[in-house]
Structure formats: structure tokens, C-alpha cells
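The values are calculated or read from the model by the stated rules, or taken from the named source; none is laboratory data. Just so you know, these numbers come straight off a predicted model, no measurement behind them. Heads up, the Cβs are rebuilt from the backbone with ideal geometry, glycines too, and the neighbour counts pull from every protein chain shown.
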Amino acid sequence: MARLKTGVLISGRGTNLQALLDACADPDFPAEIVSVIANKAGAQGLERARKAGVKASFLDHTLYEAREDFERELDERLREDGAEFVALAGFMRILTPWFVDKWRDRLINIHPSLLPAFKGVHTHDRALESGVRIHGATVHYVRPEMDDGPIIGQAAVPVLAGDTPDRLAARVLEAEHALYPACLRLVAQGKARVTAGLVRQDKDFGASETDALFNPTA
Ligand code: GAR
């Protein structure tokens, strides 16, 4: 079985990267991680990659005047490392349409809210302020608009009495760690393709309608 050669872009601690590394440690998992690139020097995720025997490198975006110049280097490095697919895992840098179009339908992201609610930052504070009872995380294909694109999977968690942003964030993060590998699996198996702007959990692709729906507390 050919495994989908995946590059992962990170900026920080890399717990979602760890969930992907752990899933990919199983030789039967349909994807493998061939490259981890961070745009922050001290990103803890780089150490996680090295421990897992995966090539890890740092690309300093502050050295480039234009966003696209940084992205050209990023694109080149991903290709050199053999990546044919890219997963953003806490990569806190907006990508230009140039990069997004180059990797169209081969670029996914995890976002800590049930999109299309709470795009952007501080999603847990905003969820609490808005009084929603259910919050969660989304894995989606990336489009040039921020936190937009065909949704592959979502994980829902309850908002509980007495929640603080940190408590809620921890509950969502645990759900993210189940969601991201499951979505990468679906994509690598060809079960989460984009058709007419949406990912349909379509029997035509061999996916069940609940393959990418998570409620870990249920
Ligand atoms: C995760 O919660 C991820 O959803 C979020 O950053 C965190 C990274 O944590 N991503 C975004 O906010 C992207 N807009 P991690 O480094 O431990 O995986």
C-alpha cells in the first residue's frame, strides 16, 4: 500500500502533530509524515518530529520581505522532502492564495471551533461569551479565505458550567487529537474528496456518514 506522503507545518507545541505522528507509527495507517517544518525556532513540535525519526526543519519567515518569498521556500522544501500533501497543525501564519492554490485540495487545516462559527483567534473565549452549549474543532481543506474551505470532519464537545477558556480549550484539544488522524485517514483513503465545493461523506467514496463526526464525551 502506498502511503500518502504528508508534510506538517507547525508554529508551536505540536500536540496535534504528535497525534498524527502516533497514528502514522502504525504501518497500516494510509499516510506517513515525511517532513515537519516550523516557522518558529523553538517550536516544541520540532523535537517531537525528531524523536519520531521524521525530518524536522525551521524556516524563519522574518528573513523574507514578502510572504510569497517565504512560501516559495516552504513549497520547495516540502517538495524536496517528498511531500505530496500538507497538513497545518497549529501553523499560525496566514498563507497567500499563491501557496493555497498551488496545494489546492492537498492542503488541510485544523481549527479550534465548529466552523463556520468562530473563525480567527480566541475561539474558546468567544464561544463562552456567546453562550453556545456545544463547541469543538473542524478539519477542512484550505482555501484563500481564512478558516474557510470544504469541511472534512468535526468533533463536538459540551460547554460545561464553570468552564474557563483554558478548561474548554483542553476539552477541545483532546477532541482534536482524535479528529485530526481520523480525517487524515479518510483523505489518504480517498474517502473525503471535494466535489462541487463540499466534501460529501459519500458512499461512492466508501465513507460512512459518521466517519468524521466525533463526540468523545458521548
Ligand atoms: C490547536 O488547538 C489548533 O486547532 C489551533 O492551534 C492549536 C495548536 O496546538 N490552530 C489554530 O488556531 C489555527 N487557526 P498544537 O500545537 O498543540 O497542536
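Say we look at the stretch 51-70 and pick out the residues that are more than 20 Å from the chain's Cα centre (by Cα) and of a type in the set (D, E, K, R); which of these is farthest from Gly14 (Cα to Cα)? By that ranking, first place goes to Glu65. A search for C-beta distances below 8 Å between a residue of the stretch 59-80 that is touching a residue at least 24 places away in the same chain (Cβ under 8 Å) and under 21 Å from Pro144 (Cβ atoms) and any residue that is small (Gly, Ala, Ser) and not in a helix (DSSP H, G or I), counting only pairs 6+ apart in sequence or on different chains, returns Leu78/Gly7; Leu78/Ser35. Assess whether Glu129 counts as being outside any loop (DSSP other than H, G, I, E, B) and surrounded by fewer than 23 Cβ atoms within 10 Å (Cβ to Cβ). Yes: the conditions hold for Glu129. Would you say Val121 is within 19 Å of Asn16 (Cα to Cα) and more than 10 Å from the ligand (Cβ to nearest atom)? Spelling it out, it is not the case that Val121 is within 19 Å of Asn16 (Cα to Cα) and more than 10 Å from the ligand (Cβ to nearest atom).
Yes/no per residue for (1) free of Cβ contacts under 8 Å to residues at least 12 places away in the same chain; (2) more than 10 Å from the ligand (Cβ to nearest atom); (3) of a type in the set (Phe, Trp, Tyr):
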site	(1), (2), (3)
Val86	no, yes, no
Met92	no, no, no
Arg133	no, yes, no
Tyr141	no, yes, yes
Gly153	no, yes, no
Leu160	yes, yes, no
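A Cβ distance below 6 Å, combined with a sequence gap of six or more or placement on separate chains, defines the contacts here; from the stretch 1-23, residues that are within 16 Å of Arg106 (Cα to Cα) and touching a residue at least 60 places away in the same chain (Cβ under 8 Å) reach residues that are within 13 Å of the ligand (Cβ to nearest atom) and assigned to a loop (DSSP other than H, G, I, E, B) in the pairs Val8/Ala89; Leu9/Phe91.
With respect to Glu71, determine if the residue is away from the ligand (no atom under 16 Å from the Cβ), of a type outside the set (S, T, N, Q) and surrounded by fewer than 15 Cβ atoms within 10 Å (Cβ to Cβ). For Glu71, the condition - away from the ligand (no atom under 16 Å from the Cβ), of a type outside the set (S, T, N, Q) and surrounded by fewer than 15 Cβ atoms within 10 Å (Cβ to Cβ) - is not met. Being touching a Lys or Arg at 6+ places or on another chain (Cβ under 6 Å) and not basic (Lys, Arg) is a condition met by at least one residue of the stretch 95-109. The residue that is modelled with the lowest pLDDT, counting only those in the stretch 170-204 that are part of a helix (DSSP H, G or I) and away from the ligand (no atom under 16 Å from the Cβ), is Asp204.
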